[in-house]
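The values are calculated or read from the model by the stated rules, or taken from the named source; none is laboratory data. For clarity, every value in this text was computed on a predicted model and none was experimentally measured. Cβ atoms come from the backbone with ideal geometry, glycine included; neighbour counts cover every protein chain shown.
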Amino acid sequence: MPLALMILAGVAGLVPVRWNSGDPKSLDLLRGGAVTCILVESQNWNPAFLAAAKRHRIAVFGLIHLGDEAPRQARRAAQLKLDGVALEGDYDPVVRTRIRAAIGAGVTLVELPSRGEMRLDSGDPVVGTWQGLWPGIEIEHGGGAATSGPTSTPWINTNTGFLRFARAATDSAIWIGERPPPGVVFSAHRYGLAIADAAMAGARWIISLDADLERRLLAGESQALAAWNQIEAHIRYWENPAWRGYIPYSQLLLVQDSGSGGLLSGGILDLLSVQHTSARPVPTTRLSASSLEGARVVLNLDAESISAQQRGELEKFARAGGAVVNPPKGWRLPAIPPQQITPTRRQLDQIQPIWEAAYEATVRKNFGVRTFNTASVLFQLLTAPGRSSLLVHLINYADYPADDVTVQVLGQWRRARLYSPDDEVRELPLYSIKDGTGIDIDRIRVAATLRLD
């Protein structure tokens, strides 16, 4: 299949990286690798480079930034027959329409605005944002100690809560374009964590290397090449085709929209995660009888804005024995600016009474899976159709391994296999617990996946 047709047929499956070189020879680093799409600045759009990318079957998306030159750059991208264009920034709708017209129907457009400007209902093959948190344990400045959040556990900087909400709100693929903080030098371990943080939520991180690693990689230094090989191993791990049919699962549902914090990091969904409680986000617009199937508890952050039909479905759910937890009457978060990504102090105060009610309804309860000895570990629970198999993705956000982890899963399972990016697949013993199955994992370096059958 010609590359252009392949891209149109499978844009959602592309694996992107920012590539700051226009040298055709630099693409030899990507030959036969896991990366299938490069985001390239306009100064590097040259015919020789584009021809080399086509030979390597790598899609080239031109990066266009906010400014008066954007429409002209879009026309140039179309003339050069780039495979796609990535718009980075919050564009005026009129300008965005002009850019779409300029590139024409044969060029894929990916918008990378701030979180609050993400058009989750656009119908584009990819919905993205440039804005995120760099994943890891929050460290206090000066003292070197881990910061505690509202849950009194070490606070984890993660994009998973907002990405899980976005993943539930759209059928498009999701890209997050957070770059490394300026001036830092990261190990391959930290890049594996950034890849995992997005992938666990069903999204893709636009891989972006710190300036030092990028310089050394393009120069062909051996240690940089080794680091890149490790990064590629993490990409391949999360691109496992056997996992693509699995969908998020939990008997605890969190109903919210962007106005009630769905696009924020550090909201209710993340608070539940750091308490090791599995939850499944349901955007308010998608709340229905089918989304309530299999649930035991619903945390309804949008009680004031749901439709009469949705209210009826929740009442029917409650009559059947389900529990519905609503915020105080009239509750609403203050307006959230488009570029805000974490709650303000005022918003945390607003969230507190809802968090207390959510905590009381969920504490020490298993809604699908619980984990123990996992202060630095977050997880995502997914199920195959018919719940014939489960996946538990586990990510360790610390710079040291998480040891002696215990996972407790509802139901009786006969087989457990452990996957990780840096080890062979292993069979693990299972044991019975009340209402379920227990599994012990000796060590998690960055990421691990437990498959139960």
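Summary table below
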read-out: Top-ranked residue in the stretch 77-93 [being in contact with a Phe, Trp or Tyr (Cβ under 8 Å, 6 or more places away or on another chain) and aliphatic (A, V, I, L, M); ranked as nearest to Arg18 (Cα to Cα)]; value: Ala86
read-out: Boolean, Ser290 is among the small types (Gly, Ala, Ser) and either crowded, with 23+ Cβ neighbours inside 10 Å or at pLDDT 95 or above (or both); value: yes
read-out: Output for the stretch 376-397, where each listed residue is over 18 Å from the mean Cα position of the chain (by Cα) and either of a type in the set (A, V, I, L, M) or buried (at least 19 other Cβ atoms within 10 Å of the Cβ) (or both); value: Ala384, Leu390
read-out: Filtered residues of the stretch 45-76 (kept if more than 16 Å from Arg18 (Cβ to Cβ), under 29 Å from the mean Cα position of the chain (by Cα) and among the small types (Gly, Ala, Ser)); value: Gly67, Ala70, Ala74
read-out: Identity of the residue in the stretch 226-247, in contact with a helix residue (DSSP H, G or I) (Cβ under 7 Å, 6 or more places away or on another chain) and surrounded by fewer than 19 Cβ atoms within 10 Å (Cβ to Cβ), that ends up nearest to Glu293 (Cα to Cα); value: Gly245
read-out: The stretch 211-265, residues that are basic (Lys, Arg) and not in a helix (DSSP H, G or I); value: Arg244
read-out: Some residue of the stretch 367-375 being surrounded by 17 or more Cβ atoms within 10 Å (Cβ to Cβ) and among the basic types (Lys, Arg); value: yes
read-out: Ala77 vs. criteria buried (at least 20 other Cβ atoms within 10 Å of the Cβ) and in contact (Cβ under 8 Å) with a residue 24 or more places away in the chain; value: yes
read-out: Tally of residues being assigned to a loop (DSSP other than H, G, I, E, B) and touching a residue at least 60 places away in the same chain (Cβ under 8 Å) across the stretch 406-435; value: 3
read-out: Which numbered condition Leu39 misses (of (1) hydrophobic (A, V, I, L, M, F, W, C); (2) under 28 Å from the mean Cα position of the chain (by Cα); (3) more than 25 Å from Leu213 (Cβ to Cβ)); value: (3)
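Let's see how each residue does on (1) of a type in the set (A, V, I, L, M); (2) without any contact (Cβ under 8 Å) to a residue 24 or more places away in the chain:
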position	(1), (2)
Ser291	no, no
Asn300	no, no
Lys316	no, no
Ala320	yes, yes
Trp331	no, no
Ile336	yes, no
